[in-house]
């Protein structure tokens, strides 16, 4: 007999399932979070749950919020189990389950009035975000906020009824300013370089379209701490739900499976206090950038490195990709020869040790992370995780053969079929464009690099263009497996 998760059944859960040791009725909302997905529930919500379990800061509970109709499905699942989530940590020798209770409500997505009311509530002192890399309206070519995006201009024209996260944040801040309430902190938890600054650019950039005086007030009174967040957390499928039932005898409509490792490094800049997250393992530092760059280039860049050749070779899981000698060797060579040399020293970190940790994490056979997830949204991820590294290598006059090969694999993947001929289903918000460009690039490789919004100056580099064209031609002629073999033995 299985137990369906809810507040009423917590005492009936198997003994090997941890559960909140605090009175959830004692919790009060202090954070509104946009983007209630798996990563948020395996990361920020877990840190807060640990803090609450230490009988600390019970006035910092989470209220979920969203702007997309598709988020309602997740909200319904969580509401049916009283906002509780089962978090399962796994590696080769470890599997544990815990029920977390840091969330106390989730406003119906699209209920603009209710969201703004919550944002204006003085008890809400932090607004946090996990809205993905593509959610910040960044122009990939310039790397800065795009104030001409149609959704942004629409919000600027109707800021009292906004549709975007940033429009809602501004509407809430307007209410707080007018009512004399201390503004909240905007805390990005997305994998973006300088995520706090990027969030500030979006909020203040939109504000400038509405009212310059108000924009100045936001710039002066609202803080946007940078942070580096890290925990590998795949999407939930029936596989995970079945595993939870079989291993722990419980039913959760939306459990989260993740690795045991987690990390959160953050600047200590908050407008109206913060939870004592350092007591739950968060590292507060004066400057996040070194940690951030290390993670984005070595981990996220590493994910991109293995993703596309593995996808072309029909490899399903990430740990299976790491078990393939060519894929793992490609990762090891590219990291150490081209990626890691672009990462400046990080306080108290040995980069080689960090790289080996990343390789072990990618190899975790229990996570069930998929190659397809790593291949997702390359048009947004490559300009953040790979192309800046290429730019730095070019500026230094250093080799870029491996990075050019990574780009060639990405281009070949976007063509839409694997080396075996299997169809690759659309896997990018801009898939139609990416596929059309990849088809042109088969005969004319430069067409891929002429995507100015993605490659910028890198696409105009003769050295990079030559290496990319040669590698793409090779991938088409001999396939990913043989191309990797040639790269590794120096004959590519």
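Which residue pairs have Cβ atoms closer than 6 Å, lie 6 or more positions apart in sequence or on different chains, and pair a first residue in the stretch 44-56 that is in the same structural domain as residue 277 (by TED's automatic domain parsing) with a second residue that is assigned to a helix (DSSP H, G or I) and surrounded by 17 or more Cβ atoms within 10 Å (Cβ to Cβ)?
47/277; 47/280; 50/280; 51/280
Can you find a residue in the stretch 26-45 that is surrounded by fewer than 18 Cβ atoms within 10 Å (Cβ to Cβ), in contact with a helix residue (DSSP H, G or I) (Cβ under 7 Å, 6 or more places away or on another chain) and part of a loop (DSSP other than H, G, I, E, B)?
Just the residues of the stretch 26-45 that are surrounded by fewer than 18 Cβ atoms within 10 Å (Cβ to Cβ), to begin with: 26, 28.
Pick out the ones that are also in contact with a helix residue (DSSP H, G or I) (Cβ under 7 Å, 6 or more places away or on another chain) and you get none.
For the stretch 26-45, residues surrounded by fewer than 18 Cβ atoms within 10 Å (Cβ to Cβ), in contact with a helix residue (DSSP H, G or I) (Cβ under 7 Å, 6 or more places away or on another chain) and part of a loop (DSSP other than H, G, I, E, B): absent.
For the stretch 1-25, how many residues meet the condition of being closer than 24 Å to residue 47 by Cβ and part of a loop (DSSP other than H, G, I, E, B)?
Count: 9.
Taking the stretch 8-23, which residues are under 16 Å from residue 103 (Cα atoms) and within 30 Å of the chain's Cα centre (by Cα)?
Correct list: 19, 20, 21, 22.
Considering only the stretch 145-157, I want to know if a residue exists there that is part of a loop (DSSP other than H, G, I, E, B), free of Cβ contacts under 8 Å to residues at least 60 places away in the same chain, under 23 Å from the mean Cα position of the chain (by Cα) and at positive phi. Working first, answer last.
Initially, the stretch 145-157 is screened for residues part of a loop (DSSP other than H, G, I, E, B), giving 146-149.
Cutting the leftovers down to free of Cβ contacts under 8 Å to residues at least 60 places away in the same chain gives us 146, 148-149.
If we keep only those that are under 23 Å from the mean Cα position of the chain (by Cα) as well, we get 146, 149.
Those still in the list that are at positive phi too: none.
No, the conditions are met nowhere in the stretch 145-157.
Within the stretch 326-340, is even one residue under 30 Å from residue 54 (Cα atoms) and over 19 Å from the mean Cα position of the chain (by Cα)?
No.
Report the residue count in the stretch 76-98 for those that are over 28 Å from residue 272 (Cα atoms) and out of contact with any helix residue (DSSP H, G or I) (no Cβ under 7 Å at 6 or more places or on another chain).
Total satisfying the criteria: 14.
Taking helices (runs of 4 or more DSSP H) that do not extend beyond the stretch 333-431, which have at least 3 residues that are at pLDDT below 95 and within 24 Å of residue 134 (Cβ to Cβ)?
378-385
The conditions are (1) farther than 19 Å from residue 142 by Cα; (2) surrounded by fewer than 16 Cβ atoms within 10 Å (Cβ to Cβ), and residue 395 fails exactly one of them. Which is it?
(1)
Quick one: residue 77 ticks every box in (1) touching a residue at least 12 places away in the same chain (Cβ under 8 Å); (2) closer than 24 Å to residue 185 by Cβ; (3) more than 20 Å from the chain's Cα centre (by Cα) except a single one, so which number is it?
(2)
Name the residues in the stretch 399-440 that are in contact with a helix residue (DSSP H, G or I) (Cβ under 9 Å, 6 or more places away or on another chain) and on the phi > 0 side of the Ramachandran plot, would you?
Correct list: 416 only.
Could you count how many residues in the stretch 161-207 are touching a residue at least 12 places away in the same chain (Cβ under 8 Å), in a helix (DSSP H, G or I), over 22 Å from the mean Cα position of the chain (by Cα) and surrounded by fewer than 18 Cβ atoms within 10 Å (Cβ to Cβ)?
Of the residues in that region, 3 qualify.
Please verify whether residue 41 is assigned by TED's automatic domain parsing to the domain that holds residue 199 and within 23 Å of the chain's Cα centre (by Cα), treating the condition exactly as stated. Spell out the reasoning first.
Working: assigned by TED's automatic domain parsing to the domain that holds residue 199: yes; within 23 Å of the chain's Cα centre (by Cα): yes.
Spelling it out, residue 41 is indeed assigned by TED's automatic domain parsing to the domain that holds residue 199 and within 23 Å of the chain's Cα centre (by Cα).
If you go through the stretch 215-241, how many residues are surrounded by fewer than 18 Cβ atoms within 10 Å (Cβ to Cβ) and assigned to a helix (DSSP H, G or I)?
Residues flagged as surrounded by fewer than 18 Cβ atoms within 10 Å (Cβ to Cβ) and assigned to a helix (DSSP H, G or I) within the stretch 215-241 amount to 8.
Of 193, 162, 150, which residue is more than 19 Å from residue 271 (Cα to Cα), modelled with pLDDT under 95 and not assigned by TED's automatic domain parsing to the domain that holds residue 388?
Residue meeting the stated conditions: 193.
The values are calculated or read from the model by the stated rules, or taken from the named source; none is laboratory data. All values reported here derive from a predicted model rather than from experimental measurement. Reconstructed Cβ throughout: ideal geometry from the backbone, glycine too, with neighbour counts over all protein chains shown.
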